[in-house]
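See below for the structure under consideration.
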Number of protein chains: 2
Amino acid sequence: MDQLPARDPVSGPRSLLDRLFDQGLLVRTGVDGLYGRSGEFESVVEAVDRIATRLGAGDGAESLRFPPGMSRPAFERSGYLKGFPNLAGTIHCFCGNDADHARLLACIEAGTDWTGGQAASEIVLTPAACYPLYPVAAARGALPEGGLLFDLQSYCFRHEPSLEPTRMQMFRMREYVRMGSPDQVLAFRELWLERGTAMMRELGLPIAVDPANDPFFGRAGRMLANNQRAQGLKFELNVPVNSEDKPTACLSFNYHQDHFGTIWDIRQADGEVAHTACVGFGLERITLALLRHHGLDIEAWPDAVRDRLWG
Amino acid sequence: MDQLPARDPVSGPRSLLDRLFDQGLLVRTGVDGLYGRSGEFESVVEAVDRIATRLGAGDGAESLRFPPGMSRPAFERSGYLKGFPNLAGTIHCFCGNDADHARLLACIEAGTDWTGGQAASEIVLTPAACYPLYPVAAARGALPEGGLLFDLQSYCFRHEPSLEPTRMQMFRMREYVRMGSPDQVLAFRELWLERGTAMMRELGLPIAVDPANDPFFGRAGRMLANNQRAQGLKFELNVPVNSEDKPTACLSFNYHQDHFGTIWDIRQADGEVAHTACVGFGLERITLALLRHHGLDIEAWPDAVRDRLWG
């Protein structure tokens, strides 16, 4: 891990989150991990997103954009609830009549719980940008010879209220997703490990690439996490943002083997189950890493960093 | 209402929605009103969004971007559930242990309902881009002499599954919101009625500006809707998209009087309750109107329209 800059631009008695509020870069909503963003904050998010576009521009990815929700049946089939039931968000709706409506309003008036009558809709919040993609790809039939490459971005939801600004409940993830043979998807992951590392260095950020695991739930989850690490399936590009001891994963590089290919019956051209891999950019996290290391005054960032973002 | 073009570029036996799927502009998810968007579709959405930015560029609006969810306490206080309980979406989460998790997975395996144990979180989906703004503005204290102007955009949710492509459950709304005296906010609404009308004409769309009402729920809602019309509080800029008989509201111009000012105790500089108004651009709806009237081949759109979007 590189050293933090000697002159720490945002150290001080107040937390990073408080300083982001003070500066107006993030806006309080009353819920931990749910924030408004200023126009300035957004200009960095958009610039990082454009860099990700430029890095992948020559690869011929198909660009798709999904809304922040996905089909509940697809979500159930995806297996997400096996690993991360605690992070998922289901969308519930009112299906009552005038009398039910009156009762609901009376509960709100009295300050008592009114949500018991809400019924699960067909939509759940997207947990990672690539989850809505797999059923769409599967519906197209077997992959072409060279496999497929997609470019995605969406708001994602994870129910993990936190005071660390890098752990938002609603945040944007940019992704490239590769589907094909094991060789094809591993080459893709290798390429993006190099590209992502170079990108972050050019943005003047101290980084480390580390093996990682997803935060699988419960007792059974520990074994899944250990397996994932032992097999080298997940790497994260970490930057100290909230603290030096617990750096923040700003990009992640994931080899799913045939996990999604089997679930969705996605086939390679030769009939074998497809392998998949993805690289994910945490757009808010990269933005926060830039603010943490170059200071909260974006106008005063080093010229080289500003040129890379807006040049 | 202007006439539809004599040569209807997307008429035919298949519905507009089916043709959008056929062309790959929208992508099926299995849920009515929830669709993926192609890169081409998004390029139009982004171009319309940029026009809205240019039109308001000289006004000094403060730009804020909220995620697609907002605080549930703020949502309850906003009054949205009085008018539109049926459209709201609450986000529910799993709070159980390993045993609860095993039961949840067994339900999914058996194809029975597993959502009963989900508990309401502190977050609800944003129903209109301006709803998260009012408590933020209120927390800043009384308005300055000239009032305030905000620029917003977010994904919004309304639970109204439909086969009309213009009635999506998740869609993006760009908004300008004015807070101040009645004169200030009415002048703002008038200005945007003119700007919005000119914008849509320059995009080659046949439009009508009509008085309108929100779709208030239930028996009591009918009276609210009638009042809103009688007082001329809401106007919509309509374009035939799905049909000529039922044109689609692509922009709306809303004078809230002191509704939000009273709920949130937002005060003018002189201590009077603030009035508010907003103009909302339905970004997907304007995009669909362009596709409907200029054809599904975006490259073949009239030069004047393409220049306005990308010139």
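Scanning segment A:187-227 for residues that are over 20 Å from A:A129 (Cα atoms) and in contact with a strand residue (DSSP E or B) (Cβ under 7 Å, 6 or more places away or on another chain) returns A:T197, A:M200, A:L205, A:P206, A:I207, A:A208, A:V209, A:D210, A:P211.
Please determine, by comparing only the residues of segment B:105-127 that are facing another protein chain (nearest Cβ under 7 Å) and not hydrophobic (A, V, I, L, M, F, W, C), which one is nearest to B:A74 (Cα to Cα). Checking each candidate, the answer is B:E122. Checked against the criterion of being modelled with pLDDT of 95 or more and within 23 Å of B:K246 (Cα to Cα), the candidates B:L64, B:L20 yield just one match: B:L20. Of the residues making up segment A:191-220, those that are in a helix (DSSP H, G or I) and at pLDDT 95 or above are A:L191, A:W192, A:L193, A:E194, A:R195, A:G196, A:T197, A:A198, A:M199, A:M200, A:R201, A:E202.
Contact annotation: residue pairs with Cβ atoms under 7 Å, 6 or more positions apart or on different chains, pairing a residue in segment B:255-275 that is on the phi < 0 side of the Ramachandran plot with a partner that is among the charged types (D, E, K, R) and part of a strand (DSSP E or B), are B:V273/B:R267; B:A274/B:R267. Candidates B:I108, B:I123: the one that is touching a helix residue (DSSP H, G or I) at 6+ places or on another chain (Cβ under 9 Å) and either farther than 22 Å from A:S38 by Cα or surrounded by fewer than 21 Cβ atoms within 10 Å (Cβ to Cβ) (or both) is B:I108. Just wondering, is there one or more residues in segment A:45-57 that are within 7 Å of chain B (Cβ to nearest Cβ) and not basic (K, R)? No, segment A:45-57 contains no residue that is within 7 Å of chain B (Cβ to nearest Cβ) and not basic (K, R). In the set A:V177, A:V239, A:V185, A:V209, only one residue is in contact with a His (Cβ under 7 Å, 6 or more places away or on another chain) and surrounded by 15 or more Cβ atoms within 10 Å (Cβ to Cβ); that residue is A:V185.
A quick yes/no check of all residues on (1) aliphatic (A, V, I, L, M); (2) under 21 Å from A:A74 (Cα atoms); (3) modelled with pLDDT of 95 or more:
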| residue | (1), (2), (3) |
| --- | --- |
| A:N238 | no, no, yes |
| A:S243 | no, no, no |
| A:K246 | no, no, no |
| A:L251 | yes, no, yes |
| A:N254 | no, yes, yes |
| A:G261 | no, yes, yes |
| A:D265 | no, yes, yes |
| A:D270 | no, no, yes |
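Pairing each residue of segment A:45-68 that is at negative phi with any residue that is of a type in the set (V, I, T), provided the two are 6+ apart or on different chains, yields C-beta distances under 6 Å for A:V45/A:T287; A:V48/A:I286; A:P68/A:T126.
If you filter segment A:122-149 down to residues that are more than 26 Å from A:F216 (Cα to Cα) and assigned to a strand (DSSP E or B), you find that the one that is nearest to the chain's Cα centre (by Cα) is A:L149. Every test in (1) in contact with a Leu (Cβ under 7 Å, 6 or more places away or on another chain); (2) crowded, with 21+ Cβ neighbours inside 10 Å; (3) within 9 Å of chain A (Cβ to nearest Cβ) is passed by B:E40 save one, and that test is (2). Taken over segment A:159-174, residues that are surrounded by 20 or more Cβ atoms within 10 Å (Cβ to Cβ) and either charged (D, E, K, R) or not in a strand (DSSP E or B) (or both) amount to 7. Scanning segment B:26-37 for residues that are in contact (Cβ under 8 Å) with a residue 24 or more places away in the chain and more than 7 Å from chain A (Cβ to nearest Cβ) turns up B:L26, B:D32, B:G33, B:Y35.
For segment A:116-131, the count of residues that are without any contact (Cβ under 8 Å) to a residue 12 or more places away in the chain, closer than 30 Å to B:G83 by Cα, touching a strand residue (DSSP E or B) at 6+ places or on another chain (Cβ under 9 Å) and not assigned by TED's automatic domain parsing to the domain that holds A:I263 is nonzero. Tell me which residues, restricted to segment A:62-81, are facing chain B (nearest Cβ under 7 Å) and either more than 22 Å from B:L26 (Cα to Cα) or in a helix (DSSP H, G or I) (or both). The answer is A:P73, A:A74, A:E76, A:L81.
Which residues, counting only those in segment B:270-300, are part of a loop (DSSP other than H, G, I, E, B) and either basic (K, R) or in contact with a Pro (Cβ under 6 Å, 6 or more places away or on another chain) (or both)? First the steps, then the outcome.
Looking only at segment B:270-300, we keep the residues that are part of a loop (DSSP other than H, G, I, E, B), and these are B:270-272, B:274, B:295-297.
Listed by number, the list holds a single entry, B:G295.
Residues that are closer than 30 Å to A:G96 by Cβ, touching a residue at least 24 places away in the same chain (Cβ under 8 Å) and surrounded by 22 or more Cβ atoms within 10 Å (Cβ to Cβ) occur in segment B:284-291; there is at least one.
Restricting attention to segment B:111-120, the residues being under 30 Å from A:Y35 (Cβ atoms) and assigned to a helix (DSSP H, G or I) number 2. Take the conditions (1) touching a residue at least 60 places away in the same chain (Cβ under 8 Å); (2) in contact with a His (Cβ under 7 Å, 6 or more places away or on another chain); B:G218 misses just one of them, which is (1).
The values are calculated or read from the model by the stated rules, or taken from the named source; none is laboratory data. The shown structure was predicted, so the numbers you read here are calculated from the model rather than taken from an experiment. A quick note on method: Cβ atoms are made from the backbone with ideal geometry, for glycine too, and the neighbour counts reach across all protein chains shown.
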